[in-house]
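Values in this text are rule-based calculations from the coordinates and carry no lab data. This is a predicted model, so every value here is computed, not measured. Every residue, glycine as well, gets a Cβ built from its backbone with ideal geometry; the counts of neighbours run over all protein chains shown.
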Amino acid sequence: MLDELRGKNGLIIHHWDTDGICSAVLLLQRLGEQVANKTPILGNYFLTEDEMKAYRKYDFVIVADMALPEDNIRRLAESAQVLIFDHHLQPLIPEVFHENPISRGDSPEQYPSASWIINTYLGNPVNLYAVLGVVGDHEERIQSNKDFASILYTFCMQHQVTFKELLAMVYLLDSNYKVGDRRAVMEATRFLLQNKDPRGILGCQPWKKNLALLEDEITKWVDASCEVNNGICVKTISTSYNIISTVTRRIFWSTKKDTVVVNTGFFKEADQIYVRSAKNLEPLIRQGKALGLKCGGKTEVMGVMVPKEKTQTFLDIILTFLEPHAEKDKNGR
Ligand SMILES: [Mn+2]
């Protein structure tokens, strides 16, 4: 399938995180470096009108590690051949080539990243990019996936690199989107194509500088005072960096209290809210979705984007949900 694209004018649209970047690198290695690569505007899981128009000039468009809306895909397919490589659960679109073992019903344990799916599809041996995508999407948790723990162990032995160093490479790659530098995300693919050695990645000065900036900003907000009511820690921050999940996690770990962080500085018309709790948050996530909010998460965490005029209302819903029942009785509610 990919071989027939060689020599054509193509574009790869990829997620901004390590898995997205590494997925693009694997495709560029196969298709040639004349192929362009773009990431959507950071935070957008869709393409804007301007992007849709600009991408009409390509013969083919490959979407990697992103479930773009079906409407975007159909419109891209009007002028280009469209291929999707992904591991997010999404309906298969019959008109386009869609390599997604998860949507076919295979186990996510076996396909933990888009980079792994692409690398398998290409018939490549295990390599740094395939592995970094997996570590990027799962971090330490991948070590409890028995099959992958042993694949990673073998890879580390053969390439004289430690798991810690793989994680360090992930943090460096992810630092680009976390500081909000979209261009750097896109250029990271080219850097990886030229610096095939882990040492080259670990020594990348601009990315190391990003990490230092992020760390300063995270510390500043973790250390800022927080309001505690009913045993719940609520903190409002204002930062353009994508650090809300890290800030929330650190506060939760240090205070051992359910934590809610509101970031008013990331989107112009919406706030980011992030919750970490000892309580199962799944009902709250369903509630947010039912209200039409963009939200996601898992048992212990929830992230949500709320139009600014609705922040207070949804915050009240969150606090009511988190309040221990005993406290509720005391307050007579
Ligand atoms: Mn991914």
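When the Cα centres of segment 221-284 and segment 100-129 are compared, how far apart do they sit, in Å?
With segment 221-284 and segment 100-129 each reduced to a Cα centre, they are spaced 33 Å.
Pick out, from N37, L68, I118, the residue whose Cα sits farthest towards the positive end of the charge dipole of segment 1-145, with +1 on the Cβ of Lys and Arg and -1 on the Cβ of Asp and Glu.
My answer, from the dipole projection, is N37.
Any idea what diffusion coefficient segment 149-307 gets from Stokes-Einstein, in µm²/s, Kirkwood Rh on alpha carbon pairs, 20 °C, 1.002 mPa s?
122 µm²/s
Points 7 angstrom from Cα along the Cβ direction at T320 and Q194: gap in nanometres?
Label at T320, label at Q194, 5.6 nm between them.
Report Rg/Rh for segment 12-93, rounded to two decimals, where Rg is the Cα radius of gyration and Rh the Kirkwood radius.
0.92
What FRET efficiency comes out for the pair D3/D223, r = Cβ-Cβ distance, R0 = 41 Å, nearest 0.05?
0.15
Calculate, in nm to one decimal, what S107 and E187 gain on full extension: separation in residues at 0.36 nm each, minus their alpha carbon distance.
25.6 nm
If you place +1 on the Cβ of every Lys and Arg and -1 on the Cβ of every Asp and Glu, how big does the dipole about the Cα centre of segment 3-208 come out, in debye to the nearest 20?
Magnitude of the dipole: close to 540 debye.
Tell me which lysines have Cα within less than 16 Å of K53's Cα, excluding those fewer than 8 residues away on the same chain?
Reachable lysines: K38.
What pairs in K220/K298; K164/K298; K208/K308; K57/K298; K178/K310 have C-alpha atoms more than 29 Å from each other?
K208/K308; K57/K298
How high is the FRET efficiency from N44 to Y121, r the C-beta distance, R0 22 Å, rounded to 0.05?
0.25
When all C-alpha to C-alpha distances in segment 224-330 are sorted into bins of 5 Å, what percent of pairs does each bin hold, rounded to whole numbers?
2, 13, 25, 26, 21, 9, 2, 1
Could you tell me what % of all Cα pairs in segment 3-208 have separations over 31 Å?
The proportion of pairs with Cα distances above 31 Å equals 15 percent.
Test of understanding: ordering D65, D86, D59 by Cβ neighbours within 10 Å, fewest first, what list do you get?
Fewest to most other Cβ atoms nearby, the residues stand as D59, D86, D65.
For the chain, what is the mean residue ellipticity at 222 nm derived from helices alone (per DSSP H run of n ≥ 4: -39500 (n - 2.57); sum divided by total residues; nearest 500 deg cm²/dmol)?
Taking each H run of at least 4 residues, the total per residue is -14000 deg cm²/dmol.
Computed FRET efficiency, Cβ-Cβ of S240 and Q205, R0 22 Å: what is it to the nearest 0.05?
0.50
Using amide H atoms built in the peptide plane, which far-off residues or other-chain residues are under 5 Å from F97 H to H?
Counting only residues 5 or more places away or on other chains, the set is V82, I84.
Most fluctuating residue of K268, K235, K209 in a GNM of the chain with Cα springs under 10 Å: which is it?
K268
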